[in-house]
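Inspection log for the structure reproduced underneath, given as C-alpha cells.
Readers should treat all values here as calculations from the given coordinates under stated rules, not as data from a laboratory. Owing to the predicted nature of the structure, the values given are computational and were not obtained by experimental measurement. Virtual Cβ from ideal backbone geometry, glycine too; neighbours counted across all protein chains shown.
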Amino acid sequence: MKNKDFNLIVAGVGGQGLVTLLNLVSEAAFSEGLDFKTSELHGLSQRGGSVSVFIRFGKEIFSPIVPKAKANLVIALEEQEALLALEFSSQETIFIINKFQIPTLAENLSSKQIENVLERYKRRSCFLPASDICQKEFSNNVVAGVFLLGYCLGKGLLPLEKKSFEKAIELVLPQKHQALNLKAFELGVASSQKTYVLCNFNPLW
C-alpha cells in the first residue's frame, strides 16, 4: 500500500475536531517517510455547517483533492455528513460513521434513511456509537474522532503504524490533551475487535 496513493475523507460539522484529525494523520504519514497533501472544505461552522477534510498520502502526491470515486476510506463524525462524500466514493470505499447527529437548519434524516441511501449506492458502511462510547468512558465526546482513527487502524483500514499515531498525538496536541486522546485512540483500537450490528457488509479484515 505504501507504493500506492491512499485517499481519506473526514466529514463532519464545525467544532468536531476535523482539522485535528487531518493533522494527526498527516503527521503519522510524514513520520513514515510518505508524501502527503491535505485540503479543507469549510461550510458555515457557526451554524453547524459542513466541514470536510481531504488527506492523501503515498509515495508521491501531486494534488490535495481526492478525485471523484477514488476515496479509500470515509470517516464521518456526524451521520448525515457521510452522504456528502458519496461523489468521492465508489463501491470499494468503506464508510465508518459515528452514530451521532447534530441538529441543523435542514430536517435530519434518520439513521435508517442514511443507511438506506448508502445501500442504494452499494456503499459498504459501518455505524459506530463513537460519541456515546467516549462520553461514557471519558465524559467527553469530543475525542470521538480520535477513537474512530484507532478503530480504523485496528481494522487495518489505515495503512499506517500504531506507533506513528501515538507519536503524532504527542507532537500535534497540547500536552494537557495528550493523555485523554491517547486513551481514546487505544480504546478505538481495542474496540476494533468487537462486532457492531449496524454494518451492511462482511468486513474483509
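Observations on the model:
- DSSP beta bridges in segment 1-149 [antiparallel fraction, %, rounded to 5]: 55
- Fewest-first ranking of Tyr151, Tyr121, using other Cβ atoms within 10 Å as the exposure measure: Tyr121, Tyr151
- Spherically averaged projected area of the chain from its Cα convex hull (nm²): 10.7
- Scanning residues 5 or more positions from Asn7 or on other chains, those with amide H under 5 Å from its amide H are Asn72, Leu73, with H placed 1.01 Å from N in the peptide plane.
- Structure note, pairs Lys59/Lys122; Lys4/Lys37; Lys163/Lys183; Lys163/Lys194: Cα-Cα distances above 18 angstrom occur for Lys59/Lys122; Lys163/Lys194.
- Relative contact order for the chain, counting Cα pairs under 8 Å that sit 6 or more residues apart, in percent: 20
- Per residue, the convex hull spanned by the alpha carbons of segment 72-113 comes to 75 Å³.
- Alpha carbon centroid spacing (whole Å) that separates segment 1-30 from segment 108-134: 20
- Applying D = kT/(6 pi eta Rh) to segment 73-152, where Rh is the Kirkwood radius over alpha-carbon pairs, T corresponds to 10 °C and eta to 1.306 mPa s, the Stokes-Einstein value obtained is 123 µm²/s.
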